[in-house]
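Take a look at the structure set out below.
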Amino acid sequence: MLSVRRSRAPLGAEIAGIDLSGEVDARTFRDIVELFHQHEVVCFPDQKLTPEQHVAFSTRFGEIWMHHRTDCCRPGYPEIFVVSNIVENGRPIGSRDAGVFWHSDFCYVKEPARASLLYAREVPQKDGGPLGDTLFASMTTAYEALPDATKRRLEGLKAVNSYSRGYYRDRKSGPRRELTEEQKSITPDVEHPVARTHPYTGKKCLFVNEGYTTRIVGMSETESEALLAELFAHVARPEFVYRHRWRVGDLVMWDNCSTQHRAVMDYALPQRRHMERTTLHGTAPF
Ligand code: SIN
């Protein structure tokens with residue numbers, strides 16, 4: 001029987017009482033989907049998942065995205081994107097600094113990801129507590145909280161989302177590997193509504209983020225920068241944010257339409273962090 005504990009934030013809930021390594025019956029699965037849409041971010045604690053089980057549970061929700069950063073995928077598992085600071089045999093086992101700015105996964109493609117499922121294999125520790133938290137912000141709550149005049153202003157507006165802009169963003173975490181021509185060619189810039197409608201709940205969600213959104217279509221650079229700066233500051237307001245403190249065995253699933261997230265880089269080797277993510281295909285925003 002599922003036991004649900006809400007966070008104090010407007011999003012985020014823990015769903016205990018289920019072992020995802022086994023078969024999840026249809027009725028329980030329907031409950032999970034409903035809870036997921038309701039809470040936008042859900043955590044299944046204490047899971048012991050093989051990569052196959054992680055992939056199998058993810059596939060229940062739909063098709064998994066094969067990440068174009070194949071250099072960061074778990075060997076033999078193109079469905080699993082590794083986020084880790086671990087280096088083995090002189091080679092990083094995954095993406096070291098994925099998502100250190102507010103973003104939503106795959107917002108830079110025509111049909112952005114529906115959801116992501118991140119599984120914690122190793123969590124850095126200090127003084128008995130975890131490091132490397134992930135922050136999630138509710139884009140339904142952020143949209144709702146906008147003044148009516150701003151909501152009206154956003155109607156019909158589109159924004160450009162750019163993968164290379166996010167990838168090459170100036171960061172303190174050291175040099176980055178160059179994107180290959182193939183990686184660049186499969187991620188051309190795309191335009192999406194600034195406020196999109198959730199395909200399942202019908203709620204309005206703000207859909208611009210500091211990681212990948214570069215400009216508002218049809219506005220001067222100055223006007224666009226001013227509006228984006230206002231929206232980026234708005235979406236990160238603490239009252240919209242849930243902070244997840246990781247434990248080994250957590251499987252956290254988030255909605256990429258109704259939330260944005262940001263990883264906190266407050267750890268370094270020998271503190272090891274090893275997370276594995278599957279990402280689900282989504283639909284074109286409207
Ligand atoms: C991500 O953006 O998918 C990674 C988040 C994290 O590592 O906390």
Practice problem: Sort largest first and round to whole Å: the equivalent ellipsoid semi-axes of segment 1-120, each the square root of five times a Cα gyration tensor eigenvalue. | Solution: 26, 17, 15
Quiz item: What stretch of the chain, leaving out the sites themselves, is the longest with no GluC sites (Glu not before Pro) in a DSSP loop having at most 13 other Cβ atoms within 10 Å?
Solution: 179-286
Quiz item: Carbon and sulfur together cover what percent of the accessible area of segment 177-276 at a 1.4 Å probe radius?
Solution: 52
Exercise. Keeping all protein chains in place, calculate the accessible area per residue for segment 68-174 (probe 1.4 angstrom), answer in Å².
Key: 42
Quiz item: For segment 188-242, what does the alpha-carbon gyration tensor say about shape, rounded, prolate or oblate, given a ≥ b ≥ c as the root eigenvalues, a/c under 1.5 as rounded, and a/b over b/c as prolate?
Solution: oblate
Self-check item: Given LYS110/LYS203; LYS48/LYS203; LYS48/LYS184; LYS151/LYS203, the pairs whose alpha carbons are separated by over 24 Å
Solution: LYS48/LYS203; LYS48/LYS184
Practice problem: Enter the accessible area of VAL100 (Å², nearest 10), with the probe set to 1.4 Å and all protein chains included. | Solution: 40
Exercise. Take segment 134-286, compute every pairwise Cα distance, and split them into 10 Å bins from 0; I just need the percent in each bin.
Key: 9, 34, 37, 17, 2, 0
Quiz prompt | Exposure ranking of ARG121, ARG114, ARG8 by accessible area [1.4 Å probe, largest first] | solution = ARG8, ARG121, ARG114
Quiz item: How much of the accessible area of segment 40-135, probe 1.4 Å, is carbon plus sulfur, in whole percent?
Solution: 51
Practice problem: Determine, at each q value in 0.30, 0.31 (inverse angstroms), the log₁₀ of I(q)/I(0) that the Debye formula gives when each Cα of segment 8-53 is one equal point scatterer. | Solution: -1.17, -1.19
Quiz item: Can you give the alpha-carbon Rg of segment 64-143 over 2.2 N^0.38 Å, where N counts its residues?
Solution: 1.25
Quiz prompt | Average projection area in nm² (convex hull over Cα atoms of the chain, one quarter of hull surface) | solution = 15.3
Practice problem: Whenever you get a sec, line up MET265, MET66, MET253 from highest to lowest accessible area (probe 1.4 Å, protein heavy atoms). | Solution: MET66, MET265, MET253
Quiz item: Compactness ratio of segment 210-286: Cα Rg over 2.2 N^0.38 Å, N = residue count?
Solution: 1.44
Quiz item: How much accessible area does SER84 have with a 1.4 Å probe, in Å² rounded to the nearest 10?
Solution: 0
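The values are calculated or read from the model by the stated rules, or taken from the named source; none is laboratory data. None of the values given here were measured: they were computed from a predicted structure. Cβ atoms come from the backbone with ideal geometry, glycine included; neighbour counts cover every protein chain shown. Ligands, DNA and RNA are stripped out before the accessible areas are found, and what is left, the full protein with its side chains, is counted by its heavy atoms. Shrake-Rupley method; radii C 1.70, N 1.55, O 1.52, S 1.80 Å.
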